[in-house]
Structure formats: C-alpha cells, structure tokens
1. Specify the residue that is least open to solvent (accessible area, probe 1.4 Å); the eligible residues are those in the stretch 670-687 that are at pLDDT below 85 and of a type in the set (Gly, Ala, Ser).
2. Out of the residues in the stretch 656-685 meeting the condition of being of a type in the set (Gly, Ala, Ser) and in a helix (DSSP H, G or I), tell me which one is nearest to the chain's Cα centre (by Cα).
3. Any residue that is closer than 25 Å to ALA448 by Cα and either at pLDDT below 85 or not in a helix (DSSP H, G or I) (or both) - is there at least one of those in the stretch 518-530?
4. For PRO79, indicate whether it is in contact (Cβ under 8 Å) with a residue 40 or more places away in the chain and more than 25 Å from ARG324 (Cα to Cα).
5. Quick check: is even one residue across the stretch 724-732 assigned to a strand (DSSP E or B), surrounded by 23 or more Cβ atoms within 10 Å (Cβ to Cβ) and modelled with pLDDT of 90 or more?
6. Is it the case that GLY543 is in contact with a helix residue (DSSP H, G or I) (Cβ under 8 Å, 6 or more places away or on another chain) and exposed (fewer than 14 other Cβ atoms within 10 Å of the Cβ)?
7. Could you tell me which residue of the stretch 138-155 is modelled with the lowest pLDDT, considering only residues that are of a type in the set (A, V, I, L, M, F, W, C) and out of contact with any Leu (no Cβ under 7 Å at 6 or more places or on another chain)?
8. Taking the stretch 782-816 on its own, how many of its residues are more than 20 Å from GLY632 (Cβ to Cβ) and not in a helix (DSSP H, G or I)?
Amino acid sequence: MLKQKVVLGFAVAVTAAVLLVLVHEYTKLRTFTRMGDMWSLVHLRDSLPSIFTEVDTLDFPSPPHPAPTDTLLTVNGIPATRSGYFTVFNPQRAAGDTIPITFRHGGEVLSARIVTRSTPLGYKLLTHASFALRVLIALGYFAIAYIGLLKRKPSSTVRSLVMFSLAMTASLAVAWGSIADGYASFTLPPLFRTLLWCFAQFSWAFLLKLAILFPRQQASFRRKTVGVLLFVPALVIAVIGFIQLSSGVEQENDSLVTLIFVTIYCLLSLALLYRSSRRLSDPVERRQVRIVLMGALPGLAGQFILIWLFALFIPIASVPFATRLMIGNVLFVLFALLPASFLYAIRRYRLMALEARIKRSTRFLGVNILLLVALVGVLWAFAELVLSRMNVTNQTPTLVLGLLLAMGFGPTQRRIRVRLEERFFPERVKLRVLLRDFLASGMASSGAGVFWTELGFRLGEGLGTRDIVPVLLRSGSCVEALSGDPAPFSAADSLLRDLAEMGQPLPLDEIVASGRFDLTPVQVHWFKSRSAALLMPLSTGEGLLGFVAVGSKMNGEDYTSDELEILSALSGQMSLVVLNLELLEERVRKDALERQMDLARTVQKRLLPVSLPVVPGCELAARIKPCLDVAGDYYDAFIFQENKLLVAVGDVSGKGMGPALIMANLQASMRTALQAGLPLDTALGTINRMVFENTPDDMFITLFAAGWSPSEGTLSFVNAGHNPPMLFRKSGEVLLLCEGGLLLGVQACENYATGVVNCSPGDTLLLYTDGVTEAMNPAGEEFGEERLRSLVAGNTGLPLEELLALIEREAAAFQGSGDFSDDFTLLALRKS
C-alpha cells in the first residue's frame with residue numbers, strides 16, 4: 001500500500017509538471033501566431049550569433065537576401081543572440097514594422113531590411129495541430145497511467161507500465177521541435193525542464209522492465225540486483241545530461257553513447273517479448289505478447305531510423321521547422337500504441353480481435369502507401385519527362401491525369417489486397433470460399449439437423465476443428481440445437497448479453513481469463529466437456545439467436561486472428577440461415593397446428609346439432625359464430641323422455657381450444673344424464689360435481705337447460721348462472737327465466753331448483769350468451785339486454801331464422817364490425 005501511495009504521489013507531481021510545461025507551450029504558441037515576426041527561421045544561441053536555417057524571401061522587400069547557413073549578426077543594431085533576438089521580436093511587435101539586420105554571407109557582411117508579417121496560414125495550422133496533438137497524446141498517456149494506478153492491487157507489471165507512461169509524458173514535454181522559449185508569457189526555471197528531461201531518460205529502462213515482467217517474470221531476471229542494474233545506464237545518462245544542461249551546454253542531438261544505450265534497451269525489449277511469444281504455453285499469454293509486439297514495433301522502428309539518421313547524417317537544426325513538428329508528432333503517436341497495447345493486453349480480453357484489426361489496418365496502410373508513392377511517381381514522370389520535353393507549361397494535363405488515377409485508386413487497392421491474399425494466404429481464401437458457398441447453398445431447406453452436421457464437417461475441413469455445439473435461445477433459456485438438451489445458460493447471463501452486443505467470435509480462454517463474465521462452475525464444466533475453444537454469436541437485427549461453441553483444433557494449435565476475422569465476417573450470413581431454419585420450423589409447427597385446428601373445428605361442428613329436431617306444435621332456430629377457430633359456447637336441442645324437447649345454451653369461461661374441449665364434454669354429459677332418465681335438476685347437479693372435480697379453479701360454465709313438453713305446453717328449466725333467457729308473451733309481456741342455482745364448477749353442491757312456465761301459442765323464447773349483449777361500439781358502450789329486448793319485442797312476428805339473422809346484423813352494425821370479440825350464440829323456440 002505504501003509503495004502504491006508513493007507511486008501515486010510521484011505521478012501527481014509529474015502530471016502537474018507536464019501540465020505546467022504544456023501551459024508554457026500554449027503561451028508560446030499564442031504569441032508565435034499573433035505577433036508580427038520574421039518568418040525566415042534561425043537557430044538561436046545564447047552567446048553566439050544565430051544561423052539562418054530557412055529563408056522566406058517575403059520577409060525582405062528588396063535584396064540582398066540571406067541564404068540558409070548564413071550567420072545573422074545583428075537585429076536592429078543588437079547582437080543576434082537569443083536574448084537580443086527576442087528583445088526586438090517580442091509580443092508587442094506588430095506586423096508591418098521595418099527592422100534592419102546585418103548578416104554574413106560567405107566572408108562578406110551585408111545589410112538588409114525585414115518587414116514583419118503576421119503568422120503565415122501554414123505555420124498557424126501546423127503549430128496549432130502540433131500543440132493539440134501533443135495535448136491529446138499527453139492526456140492519453142496520463143489516462144493509461146492513472147487507470148493502472150487506480151487498480152485495487154496493481155502488480156509490478158502495472159506499476160512499470162505506469163512509470164513508462166509517465167516517463168513518455170516527460171519526453172513529450174521536453175521534445176525537440178517546439179517553439180522557442182522566448183515567445184512564452186512566463187519563464188520556467190531551467191532546472192524544471194532539466195529534471196523532466198532526466199526523468200524522460202528512464203523511459204527505456206521501464207520499457208525493458210516491462211518486457212521482463214510481462215506477461216510473467218522471466219526466469220533469468222528474478223534477482224533484484226539484475227532489476228536494479230537495468231536502471232544504472234539510464235541513471236548515468238540522466239546525471240551526465242543534468243550536468244551538461246545545468247552548466248548551459250546546448251544539446252542539438254543526443255550523444256552517441258545515449259543513442260547506443262537506447263538502442264540496446266529497445267532491442268533487448270523486443271527480443272524478450274519475441275522470446276516470450278515463442279516459449280509461452282498458455283494461448284492467452286501468447287496473444288498478450290503478440291499484441292504488445294505489434295504496439296511496440298511501429299514506434300521503436302521509427303525511433304531507430306530517425307535518431308540514427310539525425311545522429312549520423314542530418315543535424316536537427318537543419319531540418320525545416322514544419323518537418324520537425326510533423327516528425328515529432330508522428331513518433332509520439334506511434335509510441336502511444338505501446339503503453340496502450342500493454343494496457344489492453346493486461347485486460348486479457350478480445351486480444352485476438354485487436355490483433356486482427358491491427359493486421360488488417362497494417363495491410364491497408366501498406367497498400368495505400370505503395371499506391372500513393374506510385375501515384376506521385378507517375379504524375380512526376382508525366383510532368384517532368386513528357387510535358388517538359390514537349391515544352392508544355394500548362395498544368396491542366398497533369399491535373400486531369402491525377403484525377404483519373406485517383407478515380408482508380410479504390411478499385412486498384414481492393415484488387416491488390418485480394419491478389420496478395422490469394423498469393424500469400426491461399427488457405428484463408430479456401431476457408432472463406434468453403435464456408436460462403438456452403439452458407440449460400442440453401443442448406444436451411446434440408447432441416448436444422450442436416451445443416452448443423454454439415455457445418456461442423458465444413459469447419460472441420462477448413463479449420464481442423466472438432467465438433468461444434470450450436471446453442472439456441474428459446475423463450476429466455478437455451479437448448480442444444482442438435483440434441484434438444486437444455487444448456488446451462490439464459491438470456492439474462494452477462495455472457496449472452498456481451499455476445500449480443502459485440503457480435504464477434506470470442507476465444508473461450510480469453511473469456512475465462514478476463515474475469516469479465518460471471519460464468520458458473522456448471523457453465524465452465526459444460527464448455528470443457530465439449531472441448532469448446534471459440535464462442536461464435538448468432539445475432540440478427542431482431543437480437544441474439546444463440547451461439548455456436550466451436551471445438552478446439554484437432555492438432556492442438558491455437559486459432560489465428562485471421563481465422564476469427566473470417567468467422568466474424570461470415571457470422572451474419574450464418575445467423576440469417578439459422579433464422580430461416582427457425583422460421584421454417586415455426587412454419588411447420590404452425591401448419592401442424594392449423595391442421596389440428598381444422599380437425600377440431602370439424603369435430604365441434606359435428607358435435608353441435610347438424611339439424612334441429614322437428615317437434616309438432618313448435619318452431620326452433622339456432623345460430624352460433626365463434627370468435628376464434630373453435631367456440632367455448634354451447635347450444636343443443638334433442639328429443640328425450642317420451643318426446644320431450646331439450647334446448648340448452650352454455651358458455652365456458654375463456655376462449656379457444658380448452659373451453660371447446662370442456663364444451664364437448666359438457667354436451668356428452670348432458671345427453672348421457674338425460675337419456676338415462678335423470679330429472680333436469682339432478683342431471684345439472686351431477687354435471688356440476690364433475691366439472692368442479694375435473695377442471696381448473698379459474699374455469700367455470702354458465703348453462704341454461706329447458707325441457708319443453710308439447711302435450712302439456714309447459715317449459716321446465718334450470719338456470720345455472722346463465723344470462724336469463726327472455727320469454728316474449730304474445731300479449732307483450734316479457735319474462736326472465738332465472739330460477740336454478742350457481743354456475744357450474746364453482747362449488748361441489750348438487751342442489752338446483754327447477755322452474756316451470758306455461759306457454760301459449762305465439763310465445764317466443766330467446767336463449768343467448770353474453771357475446772350478444774356485450775358486443776361493444778367504439779365509444780365503449782355495450783349492445784345490452786334492453787336493446788336486445790326491444791329489438792325482439794318489435795319483431796316477434798318474424799320467422800325465427802329471420803329474427804336471429806336480424807339480431808346478428810343489428811349487433812354487428814352497433815359495434816361497427818361483424819368480427820365479434822366473444823362467441824356469439826342464439827337459440828329461439830316458439831309455440832305455434
């Protein structure tokens with residue numbers, strides 16, 4: 001804990017120092033881009049005259065003009081040292097001022113006049129872009145450092161990564177190529193920048209320590225003395241540099257000894273990382289090292305080339321100012337990849353996906369650079385070798401040729417990448433074609449079993465993989481597609497949520513090692529028992545369909561990033577095939593259900609009276625309209641006990657197949673009980689007990705049953721909780737038939753009362769279900785019993801068939817549609 005607090009305190013101090021330097025740099029930039037100045041650039045020195053490095057003739061209204069490497073002797077009569085220069089060219093200097101200078105050209109001292117100008121647009125853009133980039137890169141390094149520091153228990157590797165990032169921010173703060181300090185609004189003590197420079201020299205030692213510790217400590221470097229010796233050369237370099245800088249010795253380039261040590265550090269770091277990538281047995285650790293190597297190579301390669309180029313061949317002062325800015329920024333951008341790759345690799349998650357992305361970007365960048373070089377070469381050859389020989393000075397042909405070449409840039413780039421892949425990676429092309437042709441071959445029409453079996457065979461042929469285990473999501477839980485066995489996963493698992501979000505194949509070992517997923521021991525055992533190595537999500541725009549657990553390779557090798565990239569590109573097509581398979585299975589199930597419903601409809605129609613019985617002295621009519629394929633309403637009419645007519649209407653609670661089955665059982669029970677000679681009230685009591693004992697608690701039946709005796713002209717009835725039928729007397733009186741008892745299935749009682757009414761010629765009895773009276777209009781108003789009573793009372797002279805048709809038409813017109821929301825049933829009896 002103490003060590004972590006010390007490192008945190010040091011990080012805060014370095015952060016504050018670097019931020020102060022960046023503020024100092026901003027004030028220099030602000031002055032540099034606003035004041036009037038000379039834009040011929042000079043290399044300023046403290047005690048000696050300055051040297052012209054770049055000459056802009058626009059600074060001079062008339063000859064003579066200095067040339068690069070000429071010596072600037074005086075400015076406005078003041079010696080052209082660093083302090084003398086900024087005495088003349090200060091923030092108060094306006095554009096348009098004329099300033100005399102003297103300079104030495106060869107052995108001759110010449111005089112000239114300079115007219116100050118506002119900052120050229122090119123310099124403004126470059127300096128602002130350079131400063132913004134430095135700030136962003138510094139913030140990126142700080143983010144990496146503090147993410148590492150804020151870990152609960154940072155390891156030695158993480159602490160070394162933190163120190164490397166902080167050292168690189170120090171390097172960024174003191175990097176060459178920045179604007180001269182004389183433009184700043186305030187002065188930083190020389191010791192301040194010197195200390196930052198000294199700390200920056202340790203960045204390579206921290207890099208080497210990272211290579212030793214990552215991903216596990218090298219066996220050859222376990223002794224602490226070896227770790228201490230890593231920092232001795234950096235300490236020596238820092239001390240020597242501190243002495244030189246403190247004594248005022250200017251450093252135009254790093255010393256040769258410093259460059260040699262830096263080179264040794266970097267080469268050793270790369271060698272150790274490469275050694276780890278070859279010797280580590282754990283696949284996740286090998287991928288971690290590969291990611292770091294990919295992040296290290298661009299920056300280190302650029303550093304090697306440039307530092308030795310400037311050390312041996314090109315003095316930094318001779319490099320144009322704009323070029324220095326661009327080179328420095330490119331180097332820092334490349335070096336930002338190194339700690340970022342370390343930080344990403346430490347997470348041990350999605351390493352292979354990042355590796356594929358880096359390889360793809362590298363290939364893309366390489367092809368683009370080659371094409372750009374070729375494009376520039378063709379344009380130069382056309383302009384210099386063709387147009388110049390033809391004495392053509394107009395640049396229009398060159399512009400036209402450039403436009404034509406640019407139009408073919410994209411197609412050419414794609415064609416080259418395809419040809420390179422075919423030439424150097426034929427097995428990758430074979431795998432892609434193998435899977436693409438299979439997925440496009442319409443295997444979904446052969447059924448799920450054939451598709452998954454064939455896909456496993458193709459993956460085995462192309463990747464050398466073991467069996468695959470497809471797992472599909474079904475109503476929130478998962479099942480194995482091939483066996484139909486339940487899998488220990490659900491839609492609520494973080495694993496499935498992340499698979500749905502990313503939509504890319506993930507190595508299982510990275511999932512386990514990262515600790516980001518809450519895998520249960522049962523799930524881990526399930527994966528191990530099936531030798532799973534990759535999880536490939538199956539997702540469409542509608543969401544996650546499931547995933548495919550791809551087995552490990554039979555030769556024991558690890559999957560490559562290129563193979564994952566191919567599987568990722570084809571996973572969308574595979575998901576569409578799986579979706580089509582599900583739709584096909586759903587269609588098969590739906591067709592089977594339709595056939596069953598058709599059969600149920602047919603059976604129910606046959607259970608209802610095919611034709612109503614003909615009874616002398618009475619007229620009979622019935623009508624039923626189910627709201628679904630089958631009805632839960634019931635009506636019946638049949639002869640029993642010495643030519644008596646039984647009429648009944650019932651309503652089973654609910655809709656669909658369940659109520660229809662109960663209705664069929666009710667009809668059979670009713671006929672059986674009455675044909676056996678049971679009185680009507682006794683029959684309903686017996687049926688009530690059976691319904692109560694054999695149906696769910698939330699299901700019940702309302703029923704009205706009546707026995708009509710033609711010889712006596714009486715109607716005996718029992719109403720078991722049903723809508724009271726209406727008896728319309730010829731005299732205009734209307735009776736409601738309510739006597740009976742509870743609806744069926746509520747209690748186990750068998751006591752039902754029987755009501756009796758005498759009927760006269762012309763009397764009409766109407767039986768109905770609540771689907772008639774509860775028909776509702778758009779305003780939410782029900783058709784109702786009063787409207788039904790008024791409609792029938794005014795039309796008792798109509799034949800019963802016409803009367804029932806009229807009721808149906810009026811109810812449909814009332815609700816605005818003939819599609820009723822509940823079963824619609826009517827039965828009418830009239831004494832003739």
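1. Across the stretch 670-687, the extreme among qualifying residues is ALA673.
2. GLY658
3. Yes, the stretch 518-530 has at least one match.
4. no
5. Scanning the stretch 724-732 turns up no residue that is assigned to a strand (DSSP E or B), surrounded by 23 or more Cβ atoms within 10 Å (Cβ to Cβ) and modelled with pLDDT of 90 or more.
6. Yes; evaluated as a whole, the condition is true for this residue.
7. Out of the qualifying residues, it is LEU150.
8. Looking only at that region, the number is 8.
The values are calculated or read from the model by the stated rules, or taken from the named source; none is laboratory data. Bear in mind the structure is a predicted one, so any value in this text is a computation, not a measurement. Counting neighbours? That spans all protein chains shown, and the Cβs are built from the backbone with ideal geometry, glycine included. Accessible surface is based on the protein model in full, side chains and every heavy atom, while ligands, DNA and RNA are left aside. Shrake-Rupley method; radii C 1.70, N 1.55, O 1.52, S 1.80 Å.
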